[in-house]
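**Q** Before we start, here is the structure in question, set down as structure tokens.
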Amino acid sequence: MPTFAVCIPSYNAERVIGATIESLLRQTFTDWECLVVDDGSTDGTEAVVRSFPDSRIRWIRNAANLGCAGNFQRCRDLATGTYIYFLANDDVISPLALERTLAAFNMASDIGCVTRPYYWFRDNRPDLPIRYTNPLDSHTDRIISADDGNDALRAVFDVMGQVSGIAFRNDALKTPFNPQVWTTHIEPFLATLKTHRGVFLHDYLLAVRLEHSQARTLPKIYDPSPLWTWVDMMERVFAGDRWKRQRKAGINNIGSHVEGLVQLRCHSTMKCFLREAWFYLWYRPLNALSIRYWFFSLGCLVMPPKVLRDLVDRYMARVSGAQTADISPISLANISS
């Protein structure tokens, strides 16, 4: 049984999955198996995966399309490693990713899950971060639990948007994956954090590719509402008086991220945008008094999506706080050109 089962749920990833696998092959920790579980790709994904002559890499094709949550669950069901490490089919990881994740699990006997900060890249340049999330502590790895204070919980919530780099101890992962695409992997992570402690890594071991994101290419994922799916998840995971504080902190946190309206206006329909703008008021009434909320909601409302997309792309290209942050980017040598 390998130490890590690295699970790569795949779908039509011919152009990007090669770089993902190459970054895995460069790991300093080598006791792993890779399960590429394909959900009915119609392109050349299989040929790319099979081009790697490494017996640790397994190609598994589902008999029918299971959807995002179903494919994640199949990955989990097939994984036999002591630890399960999820990696999206378009992201790349640092050579130290598995080594550092294993060290995190070894910090205490009751560690059930591990999370991390990450940054985004585009144009096949992981050496040039364009946006980033923040670690809980920029200097050291921190043990976390669902009973931590609200600041720590908010830091955890804010790095949950991507599945890559999230890891579970196999015998601690009991909760099924959420059927909603926005919270598929988040629900089992938060549920695990209620019964086990976790670790929040401090360094940037993951680079997330921007262009291949479903949030930019698949408008139908905005229905049902992303905000509603988060709220629904929080109300179920943190149900009851015992978890009232955590539930409130989670809903307030996602409700404060009104910049999410930009994404909806750029990549979804007007109907979805207006619904989301209303939900930001319904689930967080304080937004009615927020200049920031009105700036994003009214600004996005009057601006055509194409113009807004161009503005966002130009902004990210010219103004990148990530490039001045304390980030050591993953070398260009870690992915194919």
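Rule-based calculations on the coordinates, nothing more; no lab input. None of these values were measured; they are calculated from a predicted model. FYI the Cβ positions are ideal-geometry reconstructions off the backbone, even for glycines, and counts take in every protein chain you see.
**Q** Under the rule of at least 5 residues apart or a separate chain, name every residue whose amide H is placed under 5 Å from the amide H of A146.
**A** Amide H to amide H, under 5 Å and 5 or more residues apart or across chains, A146 pairs with nothing.
**Q** Sticking with this structure for a sec: Which Cys residues of the chain have no other Cys Cβ less than 4.7 Å away and so no disulfide-compatible partner by this rule?
**A** So far as the 4.7 Å Cβ criterion goes, C34, C68, C113, C266, C272, C300 stand without a partner in the chain.
**Q** Further question: Measure of size requested: the Rg and Dmax of the chain, with Cα atoms as the atom set and Å as the unit; please supply both.
**A** 19.4, 58
**Q** Note down the relative contact order for the range 24-180 as a percent, whole number, built from C-alpha pairs under 8 angstrom at least six residues apart. It would help to have the intermediate numbers written out before the result.
**A** On the way: 177 pairs, mean separation 45.5, N = 157.
Answer for the range 24-180 is 29 percent.
**Q** Rank by packing, highest mean first: peptides 170-178, 4-12, with packing defined as the count of other Cβ atoms within 10 Å averaged across residues.
**A** Details: 170-178: 17.2, 4-12: 24.8.
Top of the packing list down: 4-12, 170-178.
**Q** Let me ask something else. Within the range 171-205, find all residues whose amide N lies under 18 Å from a label point positioned 7 Å from the Cα of R242 along Cα-to-beta-carbon.
**A** Residues 172-176, 188-198 fall inside that zone.
**Q** If the cut-off is a Cα-Cα distance under 28 Å, which lysines reach K248, setting aside same-chain residues fewer than 8 apart in sequence?
**A** Output for K248: K174, K194, K271.
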